[in-house]
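A.B. asks: I'd like to ask some things about the structure below.
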Amino acid sequence: MPRYFTLHRAQNLLPEIERLMRGAVEAKTALDEAQSEIASLTGRVRLMGGMRVDPARVAEAGQTRADAAGALQSSVESIVELGVHVKDLEAGLVDFPTLYRGAEVLLCWRLGEAGISHWHGIEEGFRGRKRIDRDFLDHHAGDPEH
């Protein structure tokens, strides 16, 4: 796993990152829905003072939550193992560490974008994104490719 990516290496990794991010976003949606279902069921029990709840429905929601949590964790861990930083699951946002003029910066990509076209400083975040230009291309570096 590289510590610093070249733009080329990061672009080549995008199909895998996109697949994993889509899986993570889907798992997060399923997890959120299952948690809402469980909260709704337990809330009704409290409001009704012990209302009878369908145990199969509760068990199914619990299993869905567990499965979604496992899938989410697996997707995020796979992305992190590749050296990529997951920044925002809702936006599908990831960063690839790189060097620009000797300083660590981040190549920035969001789910749905055709490729990596922006970068930002470590402290700047998404709002500080800058378009990759000729100067960036001429002065950025990653770890040597093996």
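The values are calculated or read from the model by the stated rules, or taken from the named source; none is laboratory data. Here the structure is a predicted model, which means the values were calculated and not measured. Note that each Cβ is placed from the backbone with ideal geometry, even for glycine, and that neighbours are counted across all protein chains shown.
A.B. asks: For the structure I just gave you, tell me whether residue 133 is at pLDDT 95 or above and either over 24 Å from residue 14 (Cβ atoms) or over 20 Å from the mean Cα position of the chain (by Cα) (or both).
C.D. replies: Details: at pLDDT 95 or above: yes; either over 24 Å from residue 14 (Cβ atoms) or over 20 Å from the mean Cα position of the chain (by Cα) (or both): yes.
Criteria met by residue 133.
A.B. asks: Across region 69-116, what is the total count of residues that are among the small types (Gly, Ala, Ser) and surrounded by fewer than 16 Cβ atoms within 10 Å (Cβ to Cβ)?
C.D. replies: Taking region 69-116 and keeping what is among the small types (Gly, Ala, Ser), we get 69-71, 74-75, 78, 83, 91-92, 102-103, 112, 114-115.
Next cut, surrounded by fewer than 16 Cβ atoms within 10 Å (Cβ to Cβ) only: 70, 74, 91, 102-103, 112, 114-115.
Counting residues in region 69-116 that are among the small types (Gly, Ala, Ser) and surrounded by fewer than 16 Cβ atoms within 10 Å (Cβ to Cβ) gives 8.
A.B. asks: How many of the residues making up region 1-19 are out of contact with any strand residue (DSSP E or B) (no Cβ under 9 Å at 6 or more places or on another chain), hydrophobic (A, V, I, L, M, F, W, C) and part of a helix (DSSP H, G or I)?
C.D. replies: So the count comes out to 0.
A.B. asks: Residues that are small (Gly, Ala, Ser), closer than 30 Å to residue 138 by Cα and at pLDDT 90 or above: does region 25-37 have at least one?
C.D. replies: First, pick out the residues of region 25-37 that are small (Gly, Ala, Ser): 27, 30, 34, 36.
Pick out the ones that are also closer than 30 Å to residue 138 by Cα and you get none.
No, the conditions are met nowhere in region 25-37.
A.B. asks: Examine region 108-116 for a residue that is among the basic types (Lys, Arg) and under 30 Å from residue 143 (Cα atoms), and state whether such a residue exists.
C.D. replies: Yes, because at least one residue in region 108-116 is among the basic types (Lys, Arg) and under 30 Å from residue 143 (Cα atoms).
A.B. asks: Determine, yes or no, whether residue 143 is touching a Lys or Arg at 6+ places or on another chain (Cβ under 6 Å), surrounded by fewer than 17 Cβ atoms within 10 Å (Cβ to Cβ) and more than 30 Å from residue 38 (Cα to Cα).
C.D. replies: On the way: touching a Lys or Arg at 6+ places or on another chain (Cβ under 6 Å): yes; surrounded by fewer than 17 Cβ atoms within 10 Å (Cβ to Cβ): yes; more than 30 Å from residue 38 (Cα to Cα): yes.
For residue 143, the condition - touching a Lys or Arg at 6+ places or on another chain (Cβ under 6 Å), surrounded by fewer than 17 Cβ atoms within 10 Å (Cβ to Cβ) and more than 30 Å from residue 38 (Cα to Cα) - is met.
A.B. asks: Modelled with pLDDT under 95, of a type outside the set (D, E, K, R) and in contact with a Phe, Trp or Tyr (Cβ under 9 Å, 6 or more places away or on another chain), is that true of residue 91?
C.D. replies: Details: modelled with pLDDT under 95: yes; of a type outside the set (D, E, K, R): yes; in contact with a Phe, Trp or Tyr (Cβ under 9 Å, 6 or more places away or on another chain): yes.
For residue 91, the condition - modelled with pLDDT under 95, of a type outside the set (D, E, K, R) and in contact with a Phe, Trp or Tyr (Cβ under 9 Å, 6 or more places away or on another chain) - is met.
A.B. asks: Looking at (1) of a type in the set (Asp, Glu); (2) within 19 Å of residue 35 (Cα to Cα); (3) part of a helix (DSSP H, G or I), find the lone condition where residue 90 falls short.
C.D. replies: Every condition holds for residue 90 apart from (3).
A.B. asks: Across region 117-130, which residue is modelled with the highest pLDDT among those that are part of a helix (DSSP H, G or I) and surrounded by 14 or more Cβ atoms within 10 Å (Cβ to Cβ)? Before the answer, list the steps.
C.D. replies: First, pick out the residues of region 117-130 that are part of a helix (DSSP H, G or I): 126-128.
From what is left, the residues that are surrounded by 14 or more Cβ atoms within 10 Å (Cβ to Cβ) are 126, 128.
Details: 126: 86, 128: 92.
Top of the filtered list is 128.
A.B. asks: Let me ask another. For region 82-114, which positions are under 17 Å from residue 27 (Cβ atoms) and among the acidic types (Asp, Glu)?
C.D. replies: If the condition is that a residue be under 17 Å from residue 27 (Cβ atoms) and among the acidic types (Asp, Glu), then 88, 90 are the ones that fit.
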